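For reference, the structure discussed in these notes is given below.
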Amino acid sequence: MKDVKDTLLDRRSVRRYEREPITNEQMALIYEAVRNTPTSYNGQQFSVIDITDQDVKEQLYDLTGQKQIKTCSHFLLFLIDYHKIALLSEEKGIDIPCFNNTADGLIVGVVDAALAMMSALTMAESLGLGTCPIGYARTAAPEAVASLMKLPDKTFVVCGLALGVPREHPDLKPKQPVGLVVHKNYYRQDSEAMIDELKAYDETVSEYNRTREGTKSDNDWAGHIVGYYREAMNYRMLRALQRRGFDITR
């Protein structure tokens, strides 16, 4: 098992996997890591669906276009989940407010589900497994995915995580330098210096994309990410959330 330093600092997204299955013992450790995730109020406003059925994975691939979903050993879907607390509250006669219809309720569920994914990812990486977070599980076809997963009201997909025995060891992607990520005591005020550092990082990403192993591109950082934002402007996530029981009003 890798130590914490190597697990976190050597992490990279793996999209090609061996046919070798993940062991039950490994999955049990991943489940326990997920179960022990820190959550808001200890409310545990999340659930996870572990998908191993190849037919279901193929259907998810058809909906998302993400090949690693159908080739991984396990595909985990992380959900906001206010269904469980609603069930028990009704059983106990507790009048539950519509916290799921507030912005904070949505944020709480997203944070809990995202932390749970990171718990699973970290444990899997420490075991030498390959992982790849997949946001398209949320955005590509939210209503079709919800139907396929038989999701009850007040649940919503936040993200997916492909797990498998790695067949590749991709180059480590460059990240922003610590000085752009960690601000001391308050947000940095030296915008001109930040711009210089951001331009240098942008060129680092361009150089990486031109020279990395495998598929190469001319992508920089800023243009590529803004291009994603433009694409994402076409997503209808608010409507999808409303249909899942998250009608955000305040």
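Derivation of every value follows stated rules applied to the coordinates shown; laboratory data play no part. Keep in mind that this is a model prediction, so the values were computed, not measured. Quick reminder, even Gly has a Cβ in these numbers, built from the backbone with ideal geometry, and neighbours come from all protein chains shown.
General remarks:
- Computed from backbone phi, the HN-Hα couplings of region 78-93 come to 9, 10, 5, 9, 9, 5, 5, 5, 5, 4, 5, 4, 4, 4, 8, x Hz, rounded to whole numbers (Karplus: 6.51 cos²θ - 1.76 cosθ + 1.60, θ = phi - 60°; Gly and Pro given as x).
- When the C-alpha to C-alpha distance is required to be over 24 Å, the pairs from K5/K175; K173/K216; K2/K216 that qualify are K2/K216.
- Fewest-first sequence of F99, F46, F78, F246 by Cβ atoms within 10 Å of each Cβ: F99, F246, F46, F78
- On Cα atoms only, tilt of 54-64 relative to the major axis of the chain in degrees: 70 degrees
- Straight-line cross-link reach from K199 at under 14 Å between alpha-carbon atoms covers these aspartates and glutamates, not counting any fewer than eight positions away in the same chain: E207, D220.
- Whole-Hz ³J(HN,Hα) from phi, Karplus 6.51 cos²θ - 1.76 cosθ + 1.60, for region 24-37, glycine and proline x: 4, 5, 5, 5, 4, 5, 5, 4, 5, 5, 4, 4, 8, 4
- Within the chain, longest stretch clear of exposed GluC sites (Glu not before Pro) (DSSP loop, no more than 15 other Cβ within 10 Å): 19-167
- Integer Hz, Karplus 6.51/-1.76/1.60 couplings in order for region 168-174, x for Gly and Pro: 9, 9, x, 4, 6, 5, x
- The chain, relative contact order [Cα under 8 Å, separation at least 6], %: 27 percent
- Taking the longest Cα principal axis of the chain as reference, the axis of helix 191-211 is set at about 80 degrees.
- In the chain, the DSSP-assigned H stretches of four residues or longer account for a calculated mean residue ellipticity at 222 nm of -14500 deg cm²/dmol, using -39500 (n - 2.57) per stretch and the full residue count as denominator.
- Near I51, the amide H atoms lying under 5 Å from its own belong to F75, L76, L77; only residues 5 or more places off or on other chains count, and H is placed 1.01 Å from N.
- Long-range amide H partners of E18 with built H, under 5 Å: V165, R167
- Between the alpha-carbon centres of region 157-192 and region 65-114 there is a gap of 25 Å.
- With a cut-off of 15 Å between beta carbons, the residues surrounding E168 carry a summed charge of +3, where Lys and Arg count +1 and Asp and Glu -1.
- Applying the Kirkwood pairwise sum to the alpha-carbon positions of the chain produces a hydrodynamic radius of 20.1 angstrom.
- Angle in degrees between helix 103-126 and the longest Cα principal axis of the chain, rounded to the nearest 10: 60 degrees
- Neighbourhood charge, 12 Å Cβ-Cβ cut-off, centred on E197 and excluding it, Lys, Arg +1 and Asp, Glu -1: -3
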